[in-house]
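Everything below concerns the one structure shown next.
Laboratory data are not the source of any read-out in this text; all were calculated from the coordinates shown. Just so you know, these numbers come straight off a predicted model, no measurement behind them. Glycine gets a Cβ as well: all are built from the backbone with ideal geometry, and neighbour counts include every protein chain shown.
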Amino acid sequence: MDNFQLFNPVNVIFGKNTIGELPNLLKDKSNILFAFGGGSIKKNGVYQQIRSALANKNIIEFSGIEANPDYDTLIKAVELCKNESVDFILAVGGGSVIDGCKFIAHAAKFKGKNAWDILCGKEVKDALPLGCVLTLSATGSEMNTFSVISKRSTKEKRAFSSTLSFPKFSILDPTFSLSLPERQIINGIIDPYVHVTEQYLTYNVNAPLQTRQSEAILLTLIEEGPKALKNLENYEMRANLMWCATNALNGTIGKGVPQDWATHEIGHELTAQFGLDHAQTLAVILPAVLKHEFENKKKRLAHYGTKVFAIKGDSDSKIAKQAIEKTEKFFRSLGAKTRLSEYKITKKSLKAIPEQVMKVTGGKKLGEHGNIGAKEIGKILDLAFEK
Ligand code: NZQ
Ligand code: ZN
């Protein structure tokens, strides 16, 4: 196992009616930016619950943070924070609202001229504190340091990570996710699934605990995901999906083990260029990355096939191949598309993607072996396009 540091200070408050904790959690705060998305929280009643829980506070509302939060929108909230002396940001929504608020929190304290620099590796030394009320479980943003921001004007999508992004608290009430449309439930199964594979389908470093923790999340998603899609009003199933999603990217399973993230890096560029949902890109790219990296990942894929899909046999190659097929089959069984050719995307329009990915990484090759450059990304996209 590799050396590691683990630090995660997020106060997670999980379960039904936990919104009641909000006044207590915010008792020392005066001017609270209440940030949310396009209005789903007004339809499912979460908005009203929060307004009444914070009736005695000075609340400054900021709505309209879109899926794949846009820099130009967030900058407006930064101005609001400065003008209204905001001392706390409450993010209410899915990964996009939370990520957007992490960026707003940093940009409000940023001393440089161009806040986009935060997304280009500029060091950040200060940020406003934030807390979350999660309404869509998928990204794990509620318990991690990452934030992924889009800039539609230039078709860019970039991420930054800062320990100042850790939410002070995250309220996870699975009831709030019961209003999700099917497409978002599917996204909320696939995104955590791929967060796990990025940290698990690499190579063995003798870390059986992290290996089994990863398998536990995958098996739970495979078990609970389809059930949740058939029982749209079932709290227990949604609670299990929510806790899987948080655990898939709160740092624990990836400690001391190699990590991949090629699927995510390529996927982000597909969202930037074509507007696909984050998880839609992953369902298409993961099988292609696994096929392209077959020799490097074969042993681990065979282990995965045996433990997660109970595939039997004595040939690693055969089990590994079946494991990729089963992964794709699982995504399709949920209703996800797994080939780029199923979207309105032409092969020609993919030409610029490899170089764009390399631009975002600053030329750093992808994958746990650092062997996936522009040429390899081109081949992965070809595999992802195949009918
Ligand atoms: O804006 P509203 O009206 O709220 O609608 C949202 C949005 O349209 C809707 N929604 C959310 N909760 C709902 C609901 N609709 C009905 N009922 C509810 N309870 O769902 C739509 C999608 O929401 P979004 O927040 O965009 O989804 P998700 O949580 O999947 O977040 C995706 C973003 O997170 C980034 C992605 O790149 C993407 O930008 N990621 C963030 C990560 C992180 N911070 O660690 C890691 C991930 O790999 C990912 O890159
Ligand atoms: Zn993801």
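Assorted remarks:
- Rel. contact order, % - alpha carbon contacts under 8 angstrom, at least six apart, the stretch 147-275: 36 percent
- For the stretch 40-174, the C-alpha radius of gyration divided by 2.2 N^0.38 Å, with N the number of residues, is 0.99.
- Excluding exposed DSSP-loop chymotrypsin sites (Phe, Trp or Tyr not before Pro) (at most 12 other C-beta within 10 Å), longest clean stretch of the chain: 8-387
- Debye intensity ratio in log₁₀ form over the Cα atoms of the stretch 1-94, taken at each q of 0.11, 0.22, 0.24 Å⁻¹: -0.39, -1.23, -1.36
- Inter-label distance, Glu342 to Arg51: 4.0 nm, where each label sits 7 Å from its Cα along the C-beta direction.
- Rounded FRET efficiency, nearest 0.05, which uses the C-beta distance separating Asn24 from Lys351 and R0 of 41 Å: 0.15
- For a straight C-alpha distance cut-off of 22 angstrom, the lysines reachable from Lys351 (same-chain residues fewer than eight places away being disregarded) are Lys151, Lys155, Lys157, Lys291, Lys337, Lys359, Lys364, Lys365, Lys375, Lys379, Lys387.
- Kirkwood Rh in Å, taken over all unlike Cα pairs in the chain: 21.3 Å
- Using a Förster distance of 45 Å, the FRET efficiency for Ser317-Lys16 (Cβ separation, nearest 0.05): 0.40
- Compactness ratio for the stretch 134-253: Cα radius of gyration over 2.2 N^0.38 Å (N = residue count) comes to 1.11.
- Extension gain, Lys365-Ser85: 0.36 nm per intervening residue step, less the Cα-Cα distance, totals 96.6 nm.
- Tail fraction, Cα-Cα pairs, the stretch 257-387, threshold 24 Å, whole percent: 28 percent
- Extension gain, Lys76 back to Asn234 (0.36 nm per residue minus Cα-Cα distance, nm): 53.1 nm
- Over all other residues within a Cβ to Cβ distance under 13 Å of Gly39, the charged ones net out to 0, with Lys and Arg as +1 and Asp and Glu as -1.
- Neighbour count of at most 16 Cβ within 10 Å plus DSSP loop: longest GluC sites (Glu not before Pro)-free window in the chain: 234-385
- Cβ-derived FRET efficiency at R0 25 Å, Thr220 paired with Arg152, nearest 0.05: 0.10
- Pair Asp126, Phe4: separation of 7 Å Cα→Cβ label points (nm): 3.3 nm
- Size of the stretch 167-311 from its Cα atoms: along the principal axes, largest to smallest, the extents are 42, 37, 36 Å.
- Computed over neighbours whose Cβ is under 11 Å from that of Ile89, the net charge equals +2, Lys and Arg +1, Asp and Glu -1.
- Once you reduce the stretch 176-200 and the stretch 323-387 to the center of their Cα atoms, the two points are 19 Å from each other.
- Relative contact order computed over the chain (Cα-Cα under 8 Å; 6+ residues apart), in percent: 15 percent
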